[in-house]
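Participant: Handing you this structure, nothing more for now.
Quick note: the coordinates plus some simple rules give every number you see, no bench work behind them. It should be emphasised that the depicted structure is a prediction, and the values quoted were computed from it without experimental measurement. Because the Cβ atoms are built from the backbone with ideal geometry, glycine has one as well, and the counts that use them run over all protein chains shown.
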Amino acid sequence: MKHSRVIDLRLHQDAEAEIQRIRVEVARESEALSLTYQLLGDLSVLRIPGAADQVEADRLWAHSCFEVFWRRKESSSYWEYNFSPSGQWAAYAFSAYRQRQERAAFPVVPNMEWSRTAKCLLLRATLLLPRGSFPVRLALSAVLERADGHCLYYAAQHPESGAPDFHHAKSFSLFIP
């Protein structure tokens, strides 16, 4: 069974207008979740890390990165994955809202491919989720660090008010059967 959707990420309502556009194609085939993030716009105004080894790293969310949060349909526990343009990645497990499980075993190491032009940054990330994970709810997001160090927060769904919060229950807006 194949399921596919395309989602545009929106800049958080408290931020100034930007010229970047982020589109994410989400596809499920069997137990694999594929995410294709496409960042379009003037990339020269952003701090985008250069290529590094494709290894686990921490605090990627403090700089330019793409993110996916996933949880089983009715579960309060969830996973967060960060994908840096450097090729580095991070995964975090949570037992409930922002209750991080230290050193939880990762369900899967992502397979990532990056490409870049002057006006487009493209990431394809594939996660082979554990058998029985679907259906899932996803929260899709991105952090873009401007050249001045200020971060902009994009998501498929932001909470109605307050600071950006990708962990918020309302962020898990995309259902994948």
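Participant: Any idea what Rg and Dmax come out to for segment 1-84 if you just take the C-alpha atoms, in Å?
Facilitator: Rg, Dmax (Cα atoms, Å): 14.9, 41.
Participant: Excluding residue 20 itself, what net charge comes from residues whose Cβ is under 14 Å from its Cβ, given Lys and Arg +1 and Asp and Glu -1?
Facilitator: So the environment of residue 20 carries a net charge of +2.
Participant: How large is ³J(HN,Hα) for each residue in segment 159-176, as worked out from phi by the Karplus curve 6.51 cos²θ - 1.76 cosθ + 1.60 (θ = phi - 60°), to whole Hz, x for Gly and Pro?
Facilitator: Per-residue couplings from phi come out as x, 4, 8, x, 5, x, 8, 5, 7, 4, 4, 5, 5, 7, 9, 9, 9, 10 Hz.
Participant: List, largest first, the extents of the alpha carbons of segment 131-177 along their principal axes, each in whole Å.
Facilitator: On the principal axes, segment 131-177 reaches 44, 24, 12 Å in Cα extent.
Participant: Still on this structure: If eta is 1.306 mPa s and T is 10 °C, what Stokes-Einstein diffusion coefficient results for segment 2-176, Kirkwood Rh from Cα pairs, in µm²/s?
Facilitator: Stokes-Einstein gives a translational diffusion coefficient of 98 µm²/s.
Participant: On to the next question. Straight-line reach from residue 170: which lysines have Cα under 22 Å away, leaving out those fewer than 8 places along the same chain?
Facilitator: Leaving aside lysines fewer than 8 places away in the same chain, those within reach of residue 170 are 73.
Participant: Separation between the residue 55 and residue 109 pseudo-spin-labels, each 7 Å from Cα along Cα→Cβ, expressed in nm?
Facilitator: 1.2
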